[in-house]
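Enquirer: My structure is below; once you've seen it, I'll send some questions.
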Amino acid sequence: MPTPLSDRLTCVGALSGTLAGLFVALPALVELFTGETATTSFFLALSPALSLPLLAALHRRQGAVTGRFGETAYAVSLIGLGLFGGAAFASNLVLFFFDDAVVEKALTGPTVPAFIGSAAVFAVSCALFGAAMVRARVFARVPSWAYATVLPLFAFLTALSDSALTGVLHIAVGATLIWLASALWQPAGVTAPRAGVLTGRPGPG
């Protein structure tokens, strides 16, 4: 029997979300001992793109109970993740290979405000989508709260020089993404009784 399209997309979201989390956490763990390298930068640059299918799958799973707030949070998150992903790609796969003098010259004009703006939109989007997850209670509380609080911090602190703090923050973000991705493997019916959480009506059953 063919697998329903929605199930296939959920599987893609779970797999890509797991990879996104690994591509954040494992390079950070390596960089704690080696510092930033071309290889770790490559994987970090790809992580935001892999997070997009995860975001879509998470919204699909909880969309029935998040209402308009959830739809708004999802839309803002798509924009925020797109902007932050572009900034991460440019930083890790373009600026990383430039000499310091070239980087300093490149970070003039609208470049820095654009990076800061991207981080700000991403931080707001994570706070909104995380809040939607916390309210919906479809996913576990710990990764939902982490999405709402840790990822906004990550948006700004990731631009700081590499340190134990930034390394731990990367690992925490990676673990959050992997946790949420793993939850998608559970049948959607497990969370169906909570369908009335945000609507004020009792859920089915």
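Enquirer: Pull up segment 85-108, narrow it to residues that are aromatic (F, W, Y) and surrounded by 12 or more Cβ atoms within 10 Å (Cβ to Cβ), then point me to the one that is nearest to S47 (Cα to Cα). Steps first, please.
Expert: Here is the first cut: in segment 85-108, the ones aromatic (F, W, Y) are 89, 96-98.
Among the residues that remain, those that are also surrounded by 12 or more Cβ atoms within 10 Å (Cβ to Cβ) are: 89, 96, 98.
Details: F89: 9, F96: 16, F98: 21 Å.
So, considering only residues that are aromatic (F, W, Y) and surrounded by 12 or more Cβ atoms within 10 Å (Cβ to Cβ), the one nearest to S47 (Cα to Cα) is F89.
Enquirer: Just one of the numbered conditions (1) among the polar types (S, T, N, Q); (2) open to solvent by less than 60 Å² (accessible area, probe 1.4 Å); (3) within 29 Å of S182 (Cα to Cα) is not true of T111; which one?
Expert: That leaves (3) as the condition not met.
Enquirer: Determine, yes or no, whether T39 is in a helix (DSSP H, G or I) and surrounded by 14 or more Cβ atoms within 10 Å (Cβ to Cβ).
Expert: On the way: in a helix (DSSP H, G or I): yes; surrounded by 14 or more Cβ atoms within 10 Å (Cβ to Cβ): no.
So T39 fails the test.
Enquirer: Turning to a different aspect of this structure: Restricting to segment 127-153, and then to whatever is of a type in the set (D, E, K, R) and assigned to a helix (DSSP H, G or I), can you tell me which residue is least open to solvent (accessible area, probe 1.4 Å)?
Expert: Only one residue tops the list, namely R135.
The values are calculated or read from the model by the stated rules, or taken from the named source; none is laboratory data. This one's a predicted model, so the numbers in the text were calculated from it and none came from an experiment. Cβ: placed from backbone, ideal geometry, glycine included. Neighbour counts: every protein chain shown. Ligands, DNA and RNA are excluded from the accessible area calculation, which covers all protein heavy atoms including side chains. Shrake-Rupley method; radii C 1.70, N 1.55, O 1.52, S 1.80 Å.
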